[in-house]
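Notes follow the structure.
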Amino acid sequence: MDRRTPFSYVCNACGLCCHEKVITLAPYDVIRISRAAGISTGQVVRRMTVRRGSILKFGADGACAALSGTRCGVHEGRPLACRLYPLGLQRATEHAKDGRDEMFVRLEPARGSLGVYGDAGNVADFLEEQDADEYLETNDRYRRLIPRLRSRIGELVDYEKIEPHEFWRRATREALAESGYDPNALIDAMFDADAVVGRRDDPEAEVFVHLAALAIRIGKTTDAAELASAAVLLAVSLGYSPAEAVGATLTR
Ligand code: SF4
């Protein structure tokens, strides 16, 4: 499905779709959840996420950590994946002909869901209703850090001496680990914006200074493994595969 495909969906707040999901979070999702929940981004990471801020936490009963009864407790700041639901977004590493690298798929409704599917509009209308474009555009700004990370890694790593496949395999394993991972100050800085730049009332203002601060930290980081894990986790958190972080390194 693309933006012109007929689609509509009415949520009837049954709360069933807020159970037993894997919901990937980008840095901007964490900022927006923190504003809606009235807590810091660091508290969101610790209380409501796994994998260092990049996946929303679900409890033993299968319910999302933000669910309150059958309602979303952070509705104003709900993550992009929740805004898109029941559509899923698939990203391609290469940009499509129209300049977009997105494709939408219709997800199966939760069993017993009261949501109503239809074709009263199209995908673009649905994205507008959900204020999803603001998230997509902000994620694109964070995505621009990936080439910067790759370039810094290129300055530090001699692929004549370090086997590139093994280097990136390790980085991917480390980035995707949900426990037992090494400390990584860059990943912490990506998902805990408040700790890096101080909390701003306006999320947009925080994104602006957060991106600038991350760019400076990337330039100062001297541990290539730390940079590579951060690149992979950033790519995955934005909906791309780890290959987005690796780029052309392995085809040289
Ligand atoms: S963040 Fe809100 S909408 Fe998303 S799964 Fe959790 S409760 Fe549901």
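Identification of strands (runs of 3 or more DSSP E) wholly contained in the range 43-150 with 2 or more residues that are out of contact with any helix residue (DSSP H, G or I) (no Cβ under 9 Å at 6 or more places or on another chain), in contact (Cβ under 8 Å) with a residue 24 or more places away in the chain and more than 16 Å from the ligand (Cβ to nearest atom) yields 102-106, 116-122. Taken together, Ile39, Ile31 contain a single residue that is within 30 Å of Pro183 (Cβ to Cβ), at pLDDT 95 or above, in a loop (DSSP other than H, G, I, E, B) and within 15 Å of the ligand (Cβ to nearest atom), which is Ile39.
The residues of the range 1-20 that are surrounded by fewer than 17 Cβ atoms within 10 Å (Cβ to Cβ) and in contact with a helix residue (DSSP H, G or I) (Cβ under 9 Å, 6 or more places away or on another chain), listed by number, are Met1, Asp2, Arg3, Arg4, Thr5, Pro6, Ser8, Cys11.
Answer yes or no as to whether His210 is touching a helix residue (DSSP H, G or I) at 6+ places or on another chain (Cβ under 9 Å) and within 21 Å of Val246 (Cα to Cα). No; evaluated as a whole, the condition is false for this residue.
The values are calculated or read from the model by the stated rules, or taken from the named source; none is laboratory data. This one's a predicted model, so the numbers in the text were calculated from it and none came from an experiment. All Cβ positions, glycine included, derive from the backbone under ideal geometry; neighbour counts span all protein chains shown.
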